[in-house]
1. Hey, among the residues in region A:217-248 that are over 20 Å from residue A:82 (Cβ atoms) and of a type in the set (Val, Ile, Thr), which one's nearest to the other protein chains (Cβ to nearest Cβ)?
2. Keeping to region A:250-275, report how many residues are outside any helix (DSSP H, G or I), of a type in the set (A, V, I, L, M) and more than 18 Å from residue A:83 (Cβ to Cβ).
3. Return yes or no: is residue B:246 crowded, with 22+ Cβ neighbours inside 10 Å and under 19 Å from residue B:61 (Cβ atoms)?
4. So, of the residues in region B:57-90 that are more than 16 Å from residue B:228 (Cα to Cα), modelled with pLDDT of 90 or more and touching a Ser or Thr at 6+ places or on another chain (Cβ under 9 Å), which turns out to be surrounded by the fewest Cβ atoms within 10 Å (Cβ to Cβ)?
5. If only one of B:205, B:210 is closer than 19 Å to residue B:121 by Cα and either touching a Cys at 6+ places or on another chain (Cβ under 7 Å) or facing chain A (nearest Cβ under 10 Å) (or both), which one is it?
6. Residue B:134: within 12 Å of chain A (Cβ to nearest Cβ), of a type in the set (Val, Ile, Thr) and within 29 Å of the chain's Cα centre (by Cα), yes or no?
7. When the residues of region A:106-122 are narrowed to those that are more than 7 Å from chain B (Cβ to nearest Cβ) and buried (at least 18 other Cβ atoms within 10 Å of the Cβ), which ends up modelled with the lowest pLDDT?
8. Please find, within region B:182-195, the residue that is farthest from the other protein chains (Cβ to nearest Cβ) out of those that are surrounded by 17 or more Cβ atoms within 10 Å (Cβ to Cβ) and over 30 Å from residue B:260 (Cα atoms).
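The values are calculated or read from the model by the stated rules, or taken from the named source; none is laboratory data. Being a predicted model, the structure only gives us computed values, none of them experimental. Here the Cβ positions follow ideal geometry from the backbone for every residue, glycine too, while neighbour counts run over all protein chains shown.
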Amino acid sequence: MATIDLTSDGLDTSSVVADKPARRRYVAVIPMIVWIVILVALPNIYLLVYSFWKSSLGTVDHTFTLENYKTLLGSDVFKLLFRRTLTIALVSSLLATAIAYAMAYIVVRRFGRYKLLAALLILIPLWVSYLMRIFAWKIILGDNGILKGIAKTLGLGESFTSAFLYSQNSVILTLTYVAIPYAFLSVYTTLDRIPSYLLEASADCGASAWTTFRKVVWPLSRPGAAIGFGIAFVLTFGDYVTPAMVGGLSGTMLGSLVLQYFGIANNWPMGAAVGITIILTGLIVLAVVSLFSRLEAPLD
Amino acid sequence: MTRPADRPRWTLSRVVGMLLIGLFTLSVYLFLYAPLIVTALFSFNDSTVQTLPFAGFTLKWYQDLFADEQMLTAIAYSLQVALTAVLIASVAGFTFALIQVRTKPKGHRVLDALLTSPMVTPGMVLGISLLVVIRAVNMPTGFSSIVIGHAAFITPLVYFLVAQRLRVADPTLEQASMDCGAGPIKTFWHVTLPGTRTALLAAALLGFTLSMDEIAVTFFLAGTQPTLPVYVWGLLRFGFTPEVNAAFTLIAGLSLSLLAVAGLVLWLSARRHRVTLTEHVDDDGSLWDFVTDTAYEPEDAEELQPSTM
């Protein structure tokens, strides 16, 4: 406790007086570094280490081995789940980003002085329980759900409802739903920053609305769309709540596998290995996305 | 009655375009809100089967909810967890934001990325990585482990929002305060804190609601006593009752009223600020600035427009 008091005191003074000795600055950073080490670095490194250990008869054997990864790569179930998870996450984040982009564009350009209200209305679902939002889809899509009721009254066949019942499609639909507000937040902030005189200038130079979008709006808002997509991908790729709720067997994802290894199967090292593959995939996608998130020229 | 030349004409394609845009906007809002409305409606439906048509109005599920000891215990537990986690996260996040923005330490970009990384980590990854460490140090899972898990993702949020605010705030105000003889603590209390408390409040509220319904991290870190989402998760998977709809509806109603109250408070305080800090309106335009300074935007935007009438 004493060290924390000391450093936060140092922080207050250095925050106000610019010419404090450089040494004080380093002291001020210490609590942050401690926090990062304990809650970010250490857990992830330890998870990585864990994935190189092996579970034998419920206890963990602390000798380095690549066996978990070999087993995973040799397993058809893992490969199937990986491909499926990748597809589901890519499709739903692309859908979410596209919808969020169109929506953000409309809100920024058409809603005038009500645009903040309109934007807030899209973000409000983030404040409503995640479980509730997913569960609501179960009520809509599930056995004896609302969709089925509607299909019955309209006289649509079983094939229509079964396409959205405990399947990959229902997972994609629900994850798209979950990801829209996140993607919207990212796109909206970049679109809203584009000064309207740029668009007017483009129009004055004789550009059509489409050309203006292609040459002015899109290049300036691409970073927002890319980051929105990246966040949506990472969040959907590691999800296990949605597949468990609306996925059924054909909607199982990698996250469900992790849950199993840490739960019933009680094979933590294997679960850690799956977790590491999820982290790595997320990092690779984020790295690719960051290539697209660079502006060709600064806005100002 | 003459039509101004610069006003767009109502051509057919324009009307169709407007209709399509309107239809799209409407369906997106419907898509976002229909599930929530459905849950709320079914919490009043007099049937154990979740399907149309409605069987009639009842408050039975709400009565069941308030008679359910386990559910009430879980709600109380979740409240405890959320309050503790938000308190820790607010102090830590605020401190880190001050350090980062005001001292700009070497490698602050790296620190920034590392500090905010839990925000874009799937809950499951955060959950299992913390779990292996907690197991390694022989700490039992339960209240403290859940609080650690929640503080781990709420702190970056507080940090992010407060740092955003601090970056656009004017550091000369603090220097002026020091020049006038105020000590660092006095300056912090009278200058730095009032300038950032709206961001802090917004972050704390967002963190609170996130903590109240967090499942992905909590699932791994909860011991034998479940938080509300973990308890509900169990109900949903093994033998569901419409009581859950009632619980969700109540909690959503509570979160949204909390949000509305917070919005009102922020709006009023921003309006008061406006009088003294009108010079300070930044054209940053970021959404978070809106969340924190609701009153700035719409009216100013109008003032800035040249009057065409």
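1. Among those residues, the one meeting the criterion is A:231.
2. Of the residues in region A:250-275, 2 are outside any helix (DSSP H, G or I), of a type in the set (A, V, I, L, M) and more than 18 Å from residue A:83 (Cβ to Cβ).
3. Yes.
4. Looking at the filtered set, the residue picked out is B:88.
5. Selected residue: B:210, the only one of B:205, B:210 that is closer than 19 Å to residue B:121 by Cα and either touching a Cys at 6+ places or on another chain (Cβ under 7 Å) or facing chain A (nearest Cβ under 10 Å) (or both).
6. The answer is yes for residue B:134.
7. A:115
8. Selected residue: B:182.
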